[in-house]
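A short write-up of the structure that comes next.
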Amino acid sequence: MSTDRVREVMDVVDRRWFLPEDQHDRAHEDAPLPIGHGATCSQPTTVVHMLDALDAGPGHHVLDVGSGSGWTTALLAHLVAPGGTVVGVELEPDLARSGAENLRRAGVPGAQIHPARAGVLGRPEDGPYDRVLVSAESAEVPHELVEQLADPGRMVIPVAGRLLVIDRDAQGTSTTELGRYRFVPLR
């Protein structure tokens, strides 16, 4: 996926649609913005970097962990169209509800957001996934999410302050570091 394609999709999916009303005037700032419950809508340049590394394309089945307001879920839905699907999961039930409503209002097809279930990371029953995007920081690479990756598959996840790309295939996994980032905690 090229950064140009990701930026095109970001032009189509207005961040404003996925922010609380009191943040609408800041929608085009390159900064993380609060969406309630201690969560943020990630900084656009960070999202570009993550989506570019994820390399989600038409027909892919994608898991969006920490979907928050639904913005990244909507961006992913556009990147995997036609034929792809996106399953979002969100730990905070109120954000899961508002994120799903934001997707509905924005008319985003092929995407859904579910509340995370206690003791379950991701959404294994809908996997395996060609791509997994994690927008919350883990202390270590979560084995549960690696297991939800298809073969081949790719995950982009912040781990202990580093943004990692984890590729999975029949031979196992490989990891590439993309730089240092800070996110809200995964659990």
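The values are calculated or read from the model by the stated rules, or taken from the named source; none is laboratory data. Everything numeric in this text was worked out from a predicted model, so none of it was measured. Quick reminder, even Gly has a Cβ in these numbers, built from the backbone with ideal geometry, and neighbours come from all protein chains shown.
What's the total number of residues in the range 98-112 that are in a strand (DSSP E or B) and touching a helix residue (DSSP H, G or I) at 6+ places or on another chain (Cβ under 6 Å)? Outline the logic, then answer.
So in the range 98-112, the residues in a strand (DSSP E or B) come out as 111-112.
Now drop any that are not touching a helix residue (DSSP H, G or I) at 6+ places or on another chain (Cβ under 6 Å), which leaves 111.
Final tally of qualifying residues: 1.
For the range 113-138, give me each residue that is touching a strand residue (DSSP E or B) at 6+ places or on another chain (Cβ under 8 Å) and either assigned to a helix (DSSP H, G or I) or under 19 Å from VAL47 (Cα atoms) (or both).
Selection gives ILE113, ASP126, ASP130, ARG131, VAL132, LEU133, VAL134, SER135, ALA136, GLU137, SER138.
For the range 1-31, what are the residues that are under 14 Å from SER98 (Cβ atoms) and either without any contact (Cβ under 8 Å) to a residue 60 or more places away in the chain or outside any helix (DSSP H, G or I) (or both)?
Hits for the range 1-31 are LEU19, PRO20, GLU21, ASP22, GLN23.
For LEU76, are the conditions met, namely being touching a helix residue (DSSP H, G or I) at 6+ places or on another chain (Cβ under 8 Å) and buried (at least 24 other Cβ atoms within 10 Å of the Cβ)?
Taking the combined requirement at face value, the residue satisfies it.
Contact list please: Cβ distance under 7 Å, first residue in the range 110-121 and over 12 Å from SER98 (Cα atoms), second residue part of a loop (DSSP other than H, G, I, E, B), pairs at least six apart or on different chains.
Taking only residues 6 or more apart or on different chains, the pairs are GLY110/ALA81; GLY110/GLY84; ALA116/LEU91; LEU121/PRO142.
Just a yes or no: is a residue in the range 87-95 touching a Pro at 6+ places or on another chain (Cβ under 8 Å), more than 17 Å from LEU54 (Cβ to Cβ), part of a helix (DSSP H, G or I) and at pLDDT 95 or above?
Yes, the range 87-95 has at least one match.
Being surrounded by 24 or more Cβ atoms within 10 Å (Cβ to Cβ) and out of contact with any Gly (no Cβ under 8 Å at 6 or more places or on another chain) is the filter; apply it to the range 55-71 and report the residue that is farthest from ARG104 (Cα to Cα). Quick ask: steps written out before the conclusion?
Within the range 55-71, the first condition is being surrounded by 24 or more Cβ atoms within 10 Å (Cβ to Cβ), and the residues that meet it are 56, 62-71.
Going one step further and asking which of them are out of contact with any Gly (no Cβ under 8 Å at 6 or more places or on another chain), we end up with 66, 71.
Details: GLY66: 18, TRP71: 12 Å.
By that ranking, first place goes to GLY66.
When ARG180 is evaluated against the numbered criteria (1) within 17 Å of HIS60 (Cβ to Cβ); (2) surrounded by fewer than 13 Cβ atoms within 10 Å (Cβ to Cβ), which criterion, by number, is the only one it fails?
Status for ARG180: all satisfied but (1).
Would you check if VAL146 is aliphatic (A, V, I, L, M), in a strand (DSSP E or B) and either under 17 Å from HIS61 (Cα atoms) or in contact with an Asp or Glu (Cβ under 6 Å, 6 or more places away or on another chain) (or both)? Give the steps one after another, and end with the answer.
On the way: aliphatic (A, V, I, L, M): yes; in a strand (DSSP E or B): no; either under 17 Å from HIS61 (Cα atoms) or in contact with an Asp or Glu (Cβ under 6 Å, 6 or more places away or on another chain) (or both): yes.
It is false that VAL146 is aliphatic (A, V, I, L, M), in a strand (DSSP E or B) and either under 17 Å from HIS61 (Cα atoms) or in contact with an Asp or Glu (Cβ under 6 Å, 6 or more places away or on another chain) (or both).
For GLY110, indicate whether it is more than 24 Å from LEU163 (Cβ to Cβ) and in contact with a strand residue (DSSP E or B) (Cβ under 8 Å, 6 or more places away or on another chain).
Against the criterion (more than 24 Å from LEU163 (Cβ to Cβ) and in contact with a strand residue (DSSP E or B) (Cβ under 8 Å, 6 or more places away or on another chain)), GLY110 qualifies.
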